[in-house]
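Novice: One structure, pasted below without further comment.
The values are calculated or read from the model by the stated rules, or taken from the named source; none is laboratory data. Owing to the predicted nature of the structure, the values given are computational and were not obtained by experimental measurement. Here the Cβ is made from the backbone with ideal geometry for all residues, glycine too, and neighbour counts use every protein chain on show. SASA here: full protein model, heavy atoms, side chains in, ligands and nucleic acids out. Shrake-Rupley method; radii C 1.70, N 1.55, O 1.52, S 1.80 Å.
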Amino acid sequence: MADTTASLNDGAPEVSSGAPHPKAKKMSKPTRKGISGSGIELAAMIGVGVVFLAAWEFLPPLLDVPRYIIPTLSNCIEEFGNMLQREALLKHFMSTLISALVGFGLGGLLGAASGYLLGLSRLWERVLSPYILALQIAPKVAFAPLFIMWFGYNSIPKLLVTVLVVFFPILVNVLQSMKTVDRDLINLARVYSMNRLTIFRKIEVPSSLPNLFAGLRIGATLAVIGVTVGELVGGNTGLGFLISYGEGQANTAMVFNAIILLTVIGIALYFAVAAVEKRVLHYLERQDH
Amino acid sequence: MTSSLELRNITKIFPDQNSGHAITAVENMSFSVKAGELVAVVGPSGCGKSTILNMVSGLYGATHGEVLIDGEVVTGTRPEVGFMLQKDLLLPWRTIVKNVEFGLEEKKMTRAERRERAMEELARMKLAEFADKYPHQLSGGMRQRAALARTLVIQPDIILLDEPFSALDAQTKLVLQRHFARTIAESGVTCVLITHDLNEAVIMADRVVVMSGRPGTVVDEFPIELGNRQDPLARSLEPQAGVYVKRLFDTLHLENQAA
């Protein structure tokens, strides 16, 4: 969050305007050394993965760890097949994925809208800030049993938990960015006779986008946590349900698989947000190389 | 097209954010700028130079006294006033040409007219080939030229420049001072240049207004009779320029100050 906003303000000067024919230089291309360096990095990255998978497969039997404590990689793959056939894994997976997507979408929308609204009103922001802080600190997942008492064993409680979990980081990020919009930019727009709404649209919203996306990235990972907790506490569908179901049967491989699939959903959501961010914020100078 | 400016017995009192005490930024300050004139305002930091800029642009009013543009009291912001700061204030999410168009967007004109005006202005600033670049792809000097294009494209009657060169390296600064001096002289626009650089004030201005420390008030005011305003570099080589700088130096009592 901090590094994106910093590069927003001062892009490093690349060319001196004193040069006779200044040309804006493109980002420096990776040198040959850089390419081979990243090649070694990639090999090491894959190597670590292979070593980990091998250790997972061969260490537990070697150390006499029973499969209900740590199932090996092949145990998990075998169980994965079982789950596909017997437990309608696809249905559970889709249920969790859709809840996470819908919860993330709703939470993000509500969080951003509230952030912008509060950002527009100094008074309401000050009046509501202690309550927002309290709600932000309250562990949202602890609300799950409450929602189940209120709405029953259906998909509403887990959706609500997800929305709630996603809502706050996005609200806080957007609100923060609205408070730190460059006053001079707003003054410039005022001198150009722009009204409040135009300033909001042309200055404040675009200025806040890096922060909004930082919030969305956090929200994407939290969405999976929200859904999982909702499903763990009550319900009969979803990967969270499979975790508690597998636990009841001492089917550790099933728990492992569900966790892995939840992680996959989280990663997919995160990278989807990151990809959109990269497209929308293409004008920011990237420093990640 | 170009306007005169008069500040009449201006006092500005701010409530201090932390202590709640009132702070007098400027006190009973008066000076005027004739149409087409470039007046430099110099003074120690914290003397309320930026306060002047904000009051002239109409962002806030004076506590006492009044600001007049062409004899009319300034009561709010007006599109005939352009201002430029040390920061380029370019919107990073807009290309250079869209940044230049920014000031035109509240005017009644078609998209094509806007684009044409902006491109003309960019060509004048020798930035036409960078029209579709984003601000971060340009050097500091080029960004500041783009900011000047954005300021001039609205065809302002008065432009207020608040330390526009102070964030630049020494060479870029010289080149840009010459470029600005030419462009401003060509457009004939009235200009207030706020600066802490005494040399810059002497080589760029028709007249210099010297302010005291807080609360700021005018302590000296004299014309710079060097001619040749469009070429600050040539001006700086004239022996008389040094005399003016010395006078500013003495008026501000800089020799008594510890660094």
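Novice: Just the number, please: buried accessible area between A and B, total of both chains, 1.4 angstrom probe, nearest 100 square angstrom.
Specialist: 3000
Novice: Shifting gears a bit: Projected onto the charge dipole of chain A (+1 at Lys/Arg Cβ, -1 at Asp/Glu Cβ, origin at the Cα centre), which of A:S155, A:A43, A:G111 gives the Cα projection farthest towards the positive end?
Specialist: A:G111
Novice: Measuring from label point to label point, each 7 Å out along Cα→Cβ, what is the B:E116 to A:I267 span in nm?
Specialist: Here the modelled spin labels are 5.6 nm apart.
Novice: While we're looking at this one, here's another question. From the backbone phi of region B:76-86, what are the Karplus-calculated ³J(HN,Hα) couplings (6.51 cos²θ - 1.76 cosθ + 1.60, θ = phi - 60°) in whole Hz, Gly and Pro given as x?
Specialist: Each residue of region B:76-86 in turn: x, 5, 9, x, 7, 9, x, 9, 9, 10, 4 Hz.
Novice: Let me ask something additional. With θ set to phi - 60°, apply the Karplus curve 6.51 cos²θ - 1.76 cosθ + 1.60 along region A:110-116 and write out the HN-Hα couplings as whole Hz, x wherever there is a Gly or Pro.
Specialist: Values per residue, Gly and Pro as x: 5, x, 5, 4, 5, x, 5 Hz.
Novice: For B:L176, A:L42, give me the order by solvent-accessible area with a 1.4 Å probe, most accessible first, ignoring ligands, DNA and RNA.
Specialist: From most exposed to least exposed: A:L42, B:L176.
Novice: Another question about this same structure. Out of B:P135, A:G266, A:N187, whose Cα points farthest toward the positive end of the dipole of the protein assembly as shown (charges: +1 Lys, Arg; -1 Asp, Glu; placed on Cβ)?
Specialist: Positive-end residue among those listed: A:G266.
Novice: Heavy-atom accessible surface, probe 1.4 Å, ligands and DNA/RNA ignored: which residues of region B:93-111 lose at least 40 Å² versus the isolated chain?
Specialist: By number: B:W93, B:F102, B:E106.
Novice: What is the spin-label model distance, in nm, from A:E78 to A:E247 if the labels are put 7 Å beyond Cα along the C-beta direction?
Specialist: A separation of 2.5 nm, rounded to one decimal place.
Novice: Right, another one. Rounded to the nearest 500, what is the 222 nm mean residue ellipticity of chain B from helices alone, with -39500 (n - 2.57) per DSSP H run of 4+ residues and division by all residues?
Specialist: -10000 deg cm²/dmol
Novice: With θ set to phi - 60° and the Karplus curve 6.51 cos²θ - 1.76 cosθ + 1.60, what are the ³J(HN,Hα) couplings of region B:157-169 in order, to the nearest whole Hz, using x for Gly and Pro?
Specialist: With coefficients 6.51, -1.76 and 1.60, one gets 8, 9, 10, 10, 10, 9, 6, x, 10, 6, 9, 9, 6 Hz.
Novice: Just by accessible area at a 1.4 angstrom probe, what is the order of B:E186, B:E113 from largest to smallest?
Specialist: So, going from the largest accessible area down, we get B:E186, B:E113.
Novice: Have a look at A:A253, A:G81, A:Q176 and report the one farthest towards the positive end of the charge dipole of region A:72-280, computed about the Cα centre with Cβ charges (Lys/Arg +1, Asp/Glu -1).
Specialist: The residue sitting most towards the positive pole is A:Q176.
Novice: For region B:134-220, which whole-number percentage of the solvent-accessible area (1.4 Å probe, protein heavy atoms only) is attributable to carbon and sulfur atoms?
Specialist: Roughly 45 percent, rounded to a whole number.
Novice: Please compute the per residue accessible area over the protein assembly as shown with all protein chains in place, 1.4 Å probe, rounded to a whole number of Å².
Specialist: With all protein chains present, the protein assembly as shown gives 49 Å² per residue.
Novice: Which angle from 0 to 90°, rounded to the nearest 10, does the C-alpha axis of helix A:73-86 make with the longest principal axis of chain A?
Specialist: The angle comes out near 80 degrees.
Novice: Accessible area, 1.4 Å probe, largest first: how do B:T77, B:T95 sort?
Specialist: B:T77, B:T95
Novice: Also, I was wondering about something else. Rounded to the nearest 20 debye, what is the charge dipole size of the protein assembly as shown about its Cα centre when +1 sits on each Lys and Arg Cβ and -1 on each Asp and Glu Cβ?
Specialist: Charge dipole of the protein assembly as shown: 940 debye, to the nearest 20.
Novice: Pop out the carbon and sulfur fraction of the accessible area of region A:72-280 as a percent, whole number, probe 1.4 Å.
Specialist: Carbon-and-sulfur percentage of accessible area, whole number: 70.
Novice: With only alpha-carbon atoms counted, please give the Rg and Dmax of the protein assembly as shown, in Å.
Specialist: Spelled out, the Cα radius of gyration and Dmax of the protein assembly as shown are 31.3, 96 Å.
Novice: Within chain B, what is the number of lysine pairs with alpha carbons under 24 Å apart, leaving out pairs fewer than eight places apart on the same chain?
Specialist: 17
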